[in-house]
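The values are calculated or read from the model by the stated rules, or taken from the named source; none is laboratory data. This is a predicted model, so every value here is computed, not measured. Methodologically, a virtual Cβ is constructed for each residue, glycine included, from the backbone with ideal geometry; neighbour enumeration extends over all protein chains shown. All accessible areas refer to the heavy atoms of the entire protein, side chains included, with ligands and DNA or RNA removed. Shrake-Rupley method; radii C 1.70, N 1.55, O 1.52, S 1.80 Å.
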Amino acid sequence: MTRAQTSSYGVTQALVCALILQGCEAEDAWDEAICPEGGTTLSYENFGRDFIGSECQTCHASEAKERRGAPTHISFDDLEAVREWSDRIYERSAGENVSMPPGPVDPDLATREALGEWLACGAP
Ligand code: HEC
């Protein structure tokens with residue numbers, strides 16, 4: 001993504017948030033994310049791949065048949081892409097952050113807390 005795209009995207013997002021006043025403020029902030037002492041047993045193989053695959057890639061994958069409005073430059077095709085987007089994935093989906101996936105069925109809190117732990121530990 002170029003800097004110009006990033007900033008116009010940010011402006012658009014801020015406007016949309018101001019207009020609809022919902023779902024834009026992260027409850028749990030990325031800079032306060034905590035990896036437990038001793039690390040995590042969660043890994044891409046035993047958690048991340050399935051979570052991202054079932055909850056996100058239906059819209060956020062370069063091969064997605066129907067992106068349903070998910071920005072074309074935001075795809076979580078592999079672990080590298082997930083790591084690149086860790087902060088945003090965390091603030092949209094981890095713990096108390098529930099704005100992604102957009103619903104109607106949300107992953108449960110335990111699953112979203114696991115996502116937060118996995119990301120906070122560097123998505124091993
Ligand atoms: C049904 C389609 C759909 C699914 C499933 C989905 N998204 Fe999205 N996503 C969107 C749309 C539409 C947007 C653009 C509007 C917005 O930002 O709310 C978006 C935008 C985003 C953004 C960019 C905006 C930002 O906050 O930086 C991120 C990151 C994101 N989604 C993460 C996720 C994650 C993580 C998952 C899985 C847990 C997920 N999405 C699942 C449709 C989807």
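Ordered by residue, what ³J(HN,Hα) values in Hz, to whole numbers, does segment 107-124 give under the Karplus form 6.51 cos²θ - 1.76 cosθ + 1.60, where θ = phi - 60° and Gly and Pro are x?
Values per residue, Gly and Pro as x: x, 6, 4, 4, 5, 6, 5, 4, 4, x, 4, 4, 5, 4, 8, x, 6, x Hz.
Dividing the alpha-carbon radius of gyration of segment 19-124 by 2.2 N^0.38 Å (N being the number of residues), what value is obtained? Numbers along the way, then the final one.
Working: Rg = 13.2 Å, N = 106, 2.2 N^0.38 = 12.9 Å.
Expressed relative to 2.2 N^0.38 Å, the Cα Rg reads 1.02.
Output ³J(HN,Hα) for segment 85-91: one whole-Hz value per residue in order, computed from phi by the Karplus curve 6.51 cos²θ - 1.76 cosθ + 1.60 with θ = phi - 60°, and x for Gly and Pro.
Each residue's phi maps through the Karplus curve to give 9, 3, 4, 6, 4, 4, 6 Hz.
So for segment 26-120, averaging the separation of alpha carbon pairs under 8 Å that are six or more residues apart and normalising by length, what relative contact order in percent results?
Details: 105 pairs, mean separation 33.6, N = 95.
Computed over segment 26-120, the figure is 35 percent.
Using the heavy atoms of the protein chains alone and a 1.4 angstrom probe, what is the accessible area of segment 26-120 per residue in square angstrom? Walk me through the numbers before you get to the answer.
Values: 5620 Å² over 95 residues.
Ligands and nucleic acids excluded, the result is 59 Å² per residue.
Rank these by accessible area, largest first, 1.4 Å probe: Arg49, Arg112, Arg92.
Details: Arg49 115, Arg112 25, Arg92 60 Å².
Putting Arg49, Arg112, Arg92 in descending order of accessible area: Arg49, Arg92, Arg112.
So how do His60, His73 rank on accessible area, 1.4 Å probe, biggest first, that is with the largest at the start? List each step's numbers first, then the result.
Details: His60 25, His73 65 Å².
My answer, sorted largest first, is His73, His60.
With an 8 Å cut-off on Cα pairs and a minimum separation of 6 or more residues, tell me the relative contact order of segment 55-110 in percent. Spell out each step's value before the answer.
Numbers: 49 pairs, mean separation 13.0, N = 56.
Computed value for segment 55-110: 23 percent relative contact order.
Counting only the backbone N, which residues of segment 66-80 are under 12 Å from the spot 7 Å out from the Cα of Val105 toward its beta-carbon?
none
Cα centroid distance between segment 64-82 and segment 91-124, in Å?
The distance from the Cα centre of segment 64-82 to that of segment 91-124 comes to 17 Å.
For segment 57-65, take each phi angle, set θ = phi - 60°, evaluate the Karplus expression 6.51 cos²θ - 1.76 cosθ + 1.60, and give the result in whole Hz per residue in order, putting x for glycine and proline.
So the Karplus estimates, Gly and Pro as x, are 6, 4, 10, 9, 8, 5, 8, 4, 6 Hz.
What does the extension gain come out to for Thr72 and Glu113, with contour length at 0.36 nm per residue minus their alpha carbon separation? Each step should come with its number before you reach the end.
Values: separation 41, 0.36 × 41 = 14.76 nm, distance 2.71 nm.
Gain on extension, Thr72 to Glu113, equals 12.1 nm.
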